[in-house]
Amino acid sequence: MSAQTFHATGAADEATQGYVVDVSGGDWDEQIGELGMHPEERIVVNMGPQHPSTHGVLRLILELDGETVTETRAGIGYLHTGIEKNMEFRTWTQGVTFCTRMDYLTPMFQEAAYCLAIERLLGIEEQIPERASAIRVLMMELTRISSHLIAMGTGGMEMGATTVMTIGFRERERVLSIIENITGLRMNNAYIRPGGVAQDLPHGAIDKIRENVPLIRQGIHELEKLLLEAPILKGRTKGVGYLSLTGCMALGITGPVLRSAGLPHDLRKLSPYCGYEKYDFDVITRTGADSYDRLCIRLDEIHQSLRIIEQVTDELQANPGPVMVEDKKIAWPSQLAVGGDGMGNSLEHIRTIMGTSMEALIHHFKLVTEGFRVPPGQAYVAVESPKGELGCHLVSDGGTRPYRAHFRDPSFNNLQATAAMCEGGNLADVIVAVASLDPVMGGVDR
């Protein structure tokens, strides 16, 4: 191969900081040898934002020396939605519909953090019915299972293990069928509302949960048998994406990544909310601080979530009651029902407010269109999402809309670890390390 081969001259191009390339002739082996004489030449690769294993529109700028990653930078902002800004132009209740779409795989956690912050500003935290709090816990733990199954399924698929994805998504479908039965929607539910939840559990929901819990547990055992002792999986994940406890603390990392470094940090135990202190469950930790341990933690956390769900269903069956705060100046007035058209007001409620009570109709109209007022002040409330600490900081100026809403999304903070986890490793290990973080770009960009 001698004619028309690429010839790199020794003159550096000022604009590109590289070498001038022309198409004059030359021997291929000579050209390769000449290029090899310049080790300062670097290769910069863009992984994303359109890439099948960056968990959305994440851009990683990688500097390579052969197959070794020498520098990693995360480029974000490609999915920016302006959700937090848009919330300033909607009522407090309408804000639920926005924040549920941030991390679209964990909608219940954004809704819970947001509503808990509103309730703190209103000073009604102690007035939330116990049944409403129990339903919130039920929905959050179902969502935690769903999120972890996505993390493991997509992570397995990225490594070429398609069966991990098919089993993971099969079990997630069981979870989503329960969530859809209760809320009317599979995702972006807007079910948790200021003061409680949108509606009580429908008839047969607890029976459906109890039927599916053993099936989900069986599916998780299948995943464990498929994954945990597989030598190929261990070879791809053990020691990959290592981040020590010191690194986690320095970067503000939370969730399974932090617990894989040995620290039992879980807000459900350290700062209980929604009555988590009533339930018996364990905080799972390991000490390997690598991608394999994060996988094991997610599997074990699903078992703990199933334990909580079984306790909550017993409580909900034994203790009927209201699911919305009594204060009619705050409580959403409509009585929702799941019908053929999805979810809307029940016909019985519409007949009541339209035909028998003009006052109820006026109140309904005012509360839905104008919304309730929240006293001036600010509040920060954090919940333990599947990915780490999810916080909501709300500021009120006394109006019917948030003056400012800002979320601390764990995916945003956890992505800071990409450089520490990937530099010095192989290019293929970047995919495993990012998958072990489980970032979702809807929550990062907001």
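Structural remarks
- Filter result for E348 (exposed (fewer than 12 other Cβ atoms within 10 Å of the Cβ), touching a strand residue (DSSP E or B) at 6+ places or on another chain (Cβ under 9 Å) and at pLDDT below 80): yes
- Criterion (touching a Phe, Trp or Tyr at 6+ places or on another chain (Cβ under 8 Å), of a type outside the set (F, W, Y) and at pLDDT 90 or above) met by exactly one of R268, R210: R268
- Cross-chain or 6+ apart pairs with Cβ under 7 Å, segment 47-59 first and closer than 17 Å to N426 by Cβ, then at pLDDT 80 or above and of a type in the set (D, E): S53/E158
- Of all residues in segment 117-161, those satisfying the criterion of being more than 29 Å from R210 (Cα to Cα) and either touching a Pro at 6+ places or on another chain (Cβ under 9 Å) or of a type in the set (V, I, T) (or both) are I118, E119, L121, L122, G123, I124, M157, E158.
- Of all residues in segment 392-419 being of a type in the set (K, R) and under 23 Å from I330 (Cα atoms), the one that is most open to solvent (accessible area, probe 1.4 Å): R401
- Subset of segment 361-400 [touching a Ser or Thr at 6+ places or on another chain (Cβ under 6 Å), of a type in the set (D, E, K, R) and under 23 Å from F109 (Cβ atoms)]: K387, E389
- Subset of segment 202-236 that is assigned to a loop (DSSP other than H, G, I, E, B) and not small (G, A, S) - its residue that is nearest to E301 (Cα to Cα): L228
- Residues satisfying the stated conditions in segment 287-300, i.e. touching a Phe, Trp or Tyr at 6+ places or on another chain (Cβ under 9 Å) and on the phi < 0 side of the Ramachandran plot: G288, D290, S291
- Scoring G66 on the criteria (1) touching a residue at least 12 places away in the same chain (Cβ under 8 Å); (2) farther than 30 Å from K329 by Cα leaves a single failure, condition (1).
- Taken over segment 237-270, the criterion of being in a helix (DSSP H, G or I), among the polar types (S, T, N, Q) and open to solvent by 30 Å² or more (accessible area, probe 1.4 Å) is satisfied by T246 alone.
- When segment 112-133 is limited to residues that are touching a Leu at 6+ places or on another chain (Cβ under 8 Å) and surrounded by fewer than 24 Cβ atoms within 10 Å (Cβ to Cβ), the one that is modelled with the lowest pLDDT turns out to be E125.
- Against the numbered list (1) crowded, with 21+ Cβ neighbours inside 10 Å; (2) touching a Lys or Arg at 6+ places or on another chain (Cβ under 6 Å), G153 comes up short only at (2).
- If you go through segment 39-85 and pick out every residue that is in a loop (DSSP other than H, G, I, E, B), more than 14 Å from E423 (Cα to Cα) and either hydrophobic (A, V, I, L, M, F, W, C) or modelled with pLDDT under 85 (or both), you end up with 17.
- For segment 188-211, the set of residues classified as touching a residue at least 40 places away in the same chain (Cβ under 8 Å), open to solvent by less than 30 Å² (accessible area, probe 1.4 Å) and either over 29 Å from F98 (Cα atoms) or over 23 Å from the mean Cα position of the chain (by Cα) (or both) consists of G195, Q199, L201, I206, listed by residue number.
- Qualifying residue in segment 131-144 (condition: on the phi > 0 side of the Ramachandran plot and out of contact with any Phe, Trp or Tyr (no Cβ under 8 Å at 6 or more places or on another chain)): no
- Residue check for L226: under 21 Å from A161 (Cα atoms), surrounded by fewer than 19 Cβ atoms within 10 Å (Cβ to Cβ) and either touching a helix residue (DSSP H, G or I) at 6+ places or on another chain (Cβ under 7 Å) or modelled with pLDDT of 90 or more (or both): yes
- Criterion applied to F109, F89, F98 was being under 17 Å from the mean Cα position of the chain (by Cα) and open to solvent by 20 Å² or more (accessible area, probe 1.4 Å), and the one residue passing it is F98.
- Within segment 72-84, residues that are of a type in the set (D, E) have Cβ atoms under 7 Å from residues that are assigned to a strand (DSSP E or B) in these pairs: E84/A405; E84/H406; E84/F407, counting only partners at least 6 apart in sequence or on another chain.
- Of all residues in segment 274-297, those that are closer than 17 Å to M140 by Cα, within 20 Å of the chain's Cα centre (by Cα) and surrounded by fewer than 20 Cβ atoms within 10 Å (Cβ to Cβ) total 1.
The values are calculated or read from the model by the stated rules, or taken from the named source; none is laboratory data. For clarity, every value in this text was computed on a predicted model and none was experimentally measured. Every residue, glycine as well, gets a Cβ built from its backbone with ideal geometry; the counts of neighbours run over all protein chains shown. In case anyone asks, the SASA skips ligands and DNA or RNA and just uses the protein heavy atoms, side chains included. Shrake-Rupley method; radii C 1.70, N 1.55, O 1.52, S 1.80 Å.
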